[in-house]
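S.K.: Here's a structure for you.
The values are calculated or read from the model by the stated rules, or taken from the named source; none is laboratory data. All of these numbers come straight from a predicted model, not from anything done at the bench. Glycine also receives a Cβ, built like all others from the backbone with ideal geometry; neighbour counts cover every protein chain displayed.
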Amino acid sequence: MAETVTSKNLALAKAINESLRRALEADPKVLIMGEDVGKLGGVFRVTDGLQKDFGESRVIDTPLAESGIVGTAIGLALRGYRPVVEIQFDGFVFPAYDQIVTQLAKMHARSLGKVKLPVVVRIPYGGGIGAVEHHSESPEALFAHVSGLKIVSPSNASDAYWMMQQAIQSDDPVIFFEPKRRYWDKGEVNFEAIPGPLHKAQVVREGTDLTLVAYGPMVKLCQEVAAAAAEEGKNLEVLDLRSVSPMDFDAIQTSVEKTRRLVVVHEAPVFFGSGAEIAARITERCFYHLEAPVLRVGGYHAPYPPARLEEEYLPGLDRVLDAVDRALAY
Amino acid sequence: MTVESTAARKPRRSAGSKAGTTGTERTTRTTARKSAEPELVQLLTPEGKRVKNAKNAEYAKYVAGVTPEELRGLYRDMVLTRRFDAEATALQRQGELGLWASLLGQEAAQIGSGRALRDDDYVFPTYREHGVAWCRGVDPANLLGMFRGVNNGGWDPNGNNFHLYTIVIGSQTLHATGYAMGVAKDGADSAVIAYFGDGASSQGDVAESFTFSAVYNAPVVFFCQNNQWAISEPTEKQTRVPLYQRAQGYGFPGVRVDGNDVLACLAVTRWALDRARDGEGPTLVEAYTYRMGAHTTSDDPTKYRADEEREAWEAKDPILRLRRHLEASNHTDEGFFAELEAESEALGRRVREAVRAMPDPDRFAIFENVYADGHALVDEERAQFAAYQASFATESESGFVAGSGGN
């Protein structure tokens, strides 16, 4: 049966699980590490069943210490392994931030290219699941500011599967942000597809009046926004960036030269967020094409609020439509 | 509850003292700690005499077969390391290096442990392990690149199984632990050694590396050079217990060794490495030593410590100690010392010349090796930088410089 299946309809979390399984099968140097990733299969079950099939020496339940997880993963990578580590939640990554920023990101450069650290750091991120404090954050900009790291975030099951394959094959450290509120969203995954380059954006809806740019959990929202706007006769283009660093500015530029208007949407706070970088660069590249300033919709400069308020804090359909209206009003 | 805990604490107080003030308790505790300063493993006294007793026997057997030639080798290593270190300090004073972190006083700890290693073992150093680097065969001149500011690490770590110097304190202990976990997975019988200091012992990463190595039974030796000072802070500011005792809480052995006794450091490290190879997991070695110099060339120890302390440690000098032993044992003659002196001077000269000849890196090195697989933004910024630089070349070629008939 398994041989004939070339495509499956999978939840995003299950697509990552299948991708990790394939990597473990293909390369004996691939390891899975993290808190509760073994017997339990991770708090989101992303690694479900992997320890059972690949053993405790390849799917490793670690002590509860994030710096230790990333620090030992670096050591294992120095020994020739390709660790895929899980940080249980976005807000728990900061004990490992020093190892990621100071060690993981810089080792290739400071060794003059002699040392490669093919480590993938998986981080379930973002809000929308009614979680308690420190379980709903979007810290991608805090990593994008650091050279030496690559940062990606899939928005759908197929990308989750293939981007994980590519992240594990990358000789650079990759921070893999998983949109946890989309873990249960299903999509078709073709296991024999030939994936596009990891860091290329993808137009997921063509349009002519305005470009919506997003990645991870906000892509689905932007597609909903575009559908709602279409009912009002507005024809929006939606671009799924997929990669935050490097970022496919060429794709944004191409789209904006066509639509002349750009709204960037992310859950992370707007201030110093990736939208700020996009706005600056697109202003440089498309100054004479733009009919309106680049607008941003995102979180506020405030701690992520208690769950009962998160819908107020997160970009939603109406807030994005409001930004679209403002951009179109210029 | 309260009564019980009071009763439990009573015997620790000195006899006759009443339920004292907080101040009294503090004094008592400090005194008790000082008088209870633990013994350390020592095989050579400061006077160069071999120590033989039951306590040391377990370790002494690891150097039972050391030949006079090997002893002379250890002496040579320490002398050349000190000479190299002095040359680097001088080069900093001459403006050839931006900074230097001297290992003066720590030669025995580094040479003793470094010579205990096999080629297939792997070393994770701090930024002061010049003696260990020497043992690993890293070209001393290569160590100076980062201190001169021409690179951030000038050697191939896998060339000598000697990782790059780590500057952020304690981080490398986790790398060593992970590497050792990999060694165990590979079924190899190599061992890993992580160097760190008394200051690093306060870092969370060191605590986490103890936890991980214990849990996974990783073949790693934690070699702590307690040189008594973390820049200006004495060890008392880092710990209330002798550092080697921390191992007990993690479930692996710790031992304090005389860090100025090269033979004891060799023996204890061999013992610890053997444990690692035999699948017995991690060991903590605390080499009790002294930083004779400043923290770095930017530091001024006169602001925080007394000369008397340094003088007391001078009497325990690691090189002098072995020399006394060699001479008393008739293992050396004047020719040996004269040859070594000449070799030292040659090393100093070679290092000096190598550093002065070290070119500044090409400006485009900024963009090199940021990523293994490349990155669009780095490419874009490199091109912008090149265009900016080229704009000057165009001006000078077409204008002022061309007309000036320069060389």
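S.K.: Among the residues of segment A:80-95 satisfying the criterion of being within 10 Å of chain B (Cβ to nearest Cβ) and touching a strand residue (DSSP E or B) at 6+ places or on another chain (Cβ under 9 Å), which is nearest to A:Val119 (Cα to Cα)?
M.R.: Only one residue tops the list, namely A:Pro83.
S.K.: Another question, if that's okay. Just the residues that are polar (S, T, N, Q) and in contact with a Gly (Cβ under 9 Å, 6 or more places away or on another chain), please, taken from segment B:150-193.
M.R.: B:Asn151, B:Asn152, B:Asn160, B:Ser171, B:Gln172, B:Thr173, B:Thr177
S.K.: Look at segment A:65-79 and say how many of its residues are more than 7 Å from chain B (Cβ to nearest Cβ) and more than 18 Å from B:Val183 (Cβ to Cβ).
M.R.: Counting residues in segment A:65-79 that are more than 7 Å from chain B (Cβ to nearest Cβ) and more than 18 Å from B:Val183 (Cβ to Cβ) gives 3.
Yes or no, residue by residue, for (1) at pLDDT 95 or above; (2) within 14 Å of another protein chain (Cβ to nearest Cβ):
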| site | (1), (2) |
| --- | --- |
| B:Asp317 | yes, no |
| B:Phe337 | yes, no |
| B:Glu341 | yes, no |
| B:Arg356 | yes, no |
| B:Phe367 | yes, yes |
| B:Leu377 | yes, yes |
| B:Phe392 | no, no |
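S.K.: For segment A:303-315, what are the residues that are farther than 23 Å from A:Val213 by Cα and out of contact with any helix residue (DSSP H, G or I) (no Cβ under 6 Å at 6 or more places or on another chain)?
M.R.: Of everything in segment A:303-315, those that are farther than 23 Å from A:Val213 by Cα and out of contact with any helix residue (DSSP H, G or I) (no Cβ under 6 Å at 6 or more places or on another chain) turn out to be A:Pro303, A:Pro306, A:Ala307, A:Arg308, A:Leu309.
S.K.: Identify all residues within segment A:242-259 that are surrounded by 19 or more Cβ atoms within 10 Å (Cβ to Cβ) and either more than 14 Å from chain B (Cβ to nearest Cβ) or under 19 Å from A:Phe287 (Cβ atoms) (or both); write none if there are none.
M.R.: Across segment A:242-259, the qualifying residues are A:Met247, A:Phe249, A:Ala251, A:Ile252, A:Ser255, A:Val256, A:Thr259.
S.K.: When segment A:131-149 is examined, which residues are found to be assigned to a loop (DSSP other than H, G, I, E, B) and over 19 Å from A:Ala302 (Cα atoms)?
M.R.: Within segment A:131-149, A:His145, A:Val146, A:Ser147, A:Gly148, A:Leu149 qualify.
S.K.: May I pose another question? Only one of (1) at positive phi; (2) surrounded by fewer than 22 Cβ atoms within 10 Å (Cβ to Cβ); (3) out of contact with any Gly (no Cβ under 8 Å at 6 or more places or on another chain) is not met by A:Phe94, so which one is it?
M.R.: Condition (1) is where A:Phe94 drops out.
S.K.: I need the full set of residues from segment B:181-209 which are of a type in the set (A, V, I, L, M) and more than 7 Å from chain A (Cβ to nearest Cβ), in order please.
M.R.: Scanning segment B:181-209 gives B:Ala184, B:Ala188, B:Ala191, B:Val192, B:Ile193, B:Ala194, B:Ala200, B:Val206, B:Ala207.
S.K.: Please tell me if B:Ala383 is part of a helix (DSSP H, G or I), modelled with pLDDT of 95 or more, out of contact with any Asp or Glu (no Cβ under 7 Å at 6 or more places or on another chain) and in the same structural domain as B:Glu87 (by TED's automatic domain parsing).
M.R.: So B:Ala383 fails the test.
S.K.: I'm told A:Val320 meets every condition in (1) part of a helix (DSSP H, G or I); (2) without any contact (Cβ under 8 Å) to a residue 40 or more places away in the chain; (3) under 19 Å from A:Gly128 (Cα atoms) except one. Can you identify the failing condition by its number?
M.R.: Single failed check for A:Val320: (2).
S.K.: How many residues are within 14 Å of chain A (Cβ to nearest Cβ) and under 17 Å from B:Ile193 (Cβ atoms) when one looks only at segment B:127-154?
M.R.: 2
S.K.: How about segment B:210-222: which of its residues are buried (at least 22 other Cβ atoms within 10 Å of the Cβ) and within 13 Å of another protein chain (Cβ to nearest Cβ)?
M.R.: Scanning segment B:210-222 gives B:Phe210, B:Phe212, B:Ser213, B:Tyr216, B:Ala218, B:Pro219, B:Val220.
S.K.: Still on this model: Determine whether segment A:129-152 contains at least one residue that is within 11 Å of chain B (Cβ to nearest Cβ), of a type in the set (Lys, Arg) and buried (at least 24 other Cβ atoms within 10 Å of the Cβ).
M.R.: The answer is yes; a qualifying residue exists.
S.K.: So for segment B:224-233 (the condition being within 20 Å of B:Ala312 (Cα to Cα) and without any contact (Cβ under 8 Å) to a residue 24 or more places away in the chain), does at least one residue qualify?
M.R.: Among the residues of segment B:224-233, not one is within 20 Å of B:Ala312 (Cα to Cα) and without any contact (Cβ under 8 Å) to a residue 24 or more places away in the chain, which makes the answer no.
S.K.: Between a first residue in segment A:194-208 that is within 14 Å of chain B (Cβ to nearest Cβ) and touching a residue at least 12 places away in the same chain (Cβ under 8 Å) and a second residue that is acidic (Asp, Glu) and not in a loop (DSSP other than H, G, I, E, B), which pairs have beta carbons less than 7 Å apart while being 6 or more apart in sequence or on different chains?
M.R.: From residues that are within 14 Å of chain B (Cβ to nearest Cβ) and touching a residue at least 12 places away in the same chain (Cβ under 8 Å), the pairs are A:Ala201/A:Asp240.
S.K.: Being farther than 18 Å from A:Met218 by Cα, out of contact with any Pro (no Cβ under 6 Å at 6 or more places or on another chain), outside any strand (DSSP E or B) and hydroxyl-bearing (Ser, Thr, Tyr), is that true of even one residue in segment A:266-276?
M.R.: Checked against the condition, which is being farther than 18 Å from A:Met218 by Cα, out of contact with any Pro (no Cβ under 6 Å at 6 or more places or on another chain), outside any strand (DSSP E or B) and hydroxyl-bearing (Ser, Thr, Tyr), segment A:266-276 yields no hits at all.
S.K.: Can I ask one more? Please go through segment A:221-240 and give me each residue that is touching a helix residue (DSSP H, G or I) at 6+ places or on another chain (Cβ under 8 Å) and either within 14 Å of chain B (Cβ to nearest Cβ) or within 21 Å of A:Arg182 (Cα to Cα) (or both), ordered by number.
M.R.: Selection gives A:Leu221, A:Cys222, A:Glu224, A:Val225, A:Ala228, A:Val238, A:Leu239, A:Asp240.
S.K.: Which condition breaks for B:Tyr122 when tested against (1) more than 14 Å from B:Val221 (Cα to Cα); (2) touching a Phe, Trp or Tyr at 6+ places or on another chain (Cβ under 8 Å); (3) within 14 Å of chain A (Cβ to nearest Cβ)?
M.R.: Status for B:Tyr122: all satisfied but (1).
S.K.: Sticking with this one: Just one of (1) in contact (Cβ under 8 Å) with a residue 12 or more places away in the chain; (2) surrounded by fewer than 23 Cβ atoms within 10 Å (Cβ to Cβ) trips up A:Leu76, so point out which.
M.R.: The failed condition is (2).
S.K.: Among helices (runs of 4 or more DSSP H) lying entirely in segment B:89-193, which contain 1 or more residues that are in the same structural domain as B:Glu70 (by TED's automatic domain parsing) and of a type in the set (S, T, N, Q)?
M.R.: Those helices (runs of 4 or more DSSP H) span B:107-114, B:140-143, B:157-160, B:171-186.
S.K.: Being surrounded by fewer than 24 Cβ atoms within 10 Å (Cβ to Cβ) and of a type in the set (Asp, Glu) is the filter here; which residues of segment B:254-299 pass it?
M.R.: Within segment B:254-299, B:Asp274, B:Asp278, B:Glu280, B:Asp299 meet the criteria.
S.K.: Do you know which residues across segment A:286-300 are buried (at least 17 other Cβ atoms within 10 Å of the Cβ) and either touching a residue at least 60 places away in the same chain (Cβ under 8 Å) or farther than 15 Å from A:Ala329 by Cβ (or both)?
M.R.: Passing the criteria: A:Cys286, A:Arg296, A:Val297, A:Gly298, A:Gly299.
S.K.: Select, from A:Glu232, A:Glu206, A:Glu237, A:Glu224, the only residue that is touching a Ser or Thr at 6+ places or on another chain (Cβ under 8 Å), acidic (Asp, Glu) and not assigned by TED's automatic domain parsing to the domain that holds A:Ala157.
M.R.: Criteria check complete, one pass: A:Glu237.
S.K.: Which residue pairs have Cβ atoms closer than 6 Å, lie 6 or more positions apart in sequence or on different chains, and pair a first residue in segment A:98-114 that is within 7 Å of chain B (Cβ to nearest Cβ) with a second residue that is in a helix (DSSP H, G or I)?
M.R.: Within 6 Å, the pairs are A:Gln99/A:Ser67; A:Gln99/A:Val70; A:Gln99/A:Gly71; A:Gln103/A:Ile74; A:Gln103/B:Ser171.
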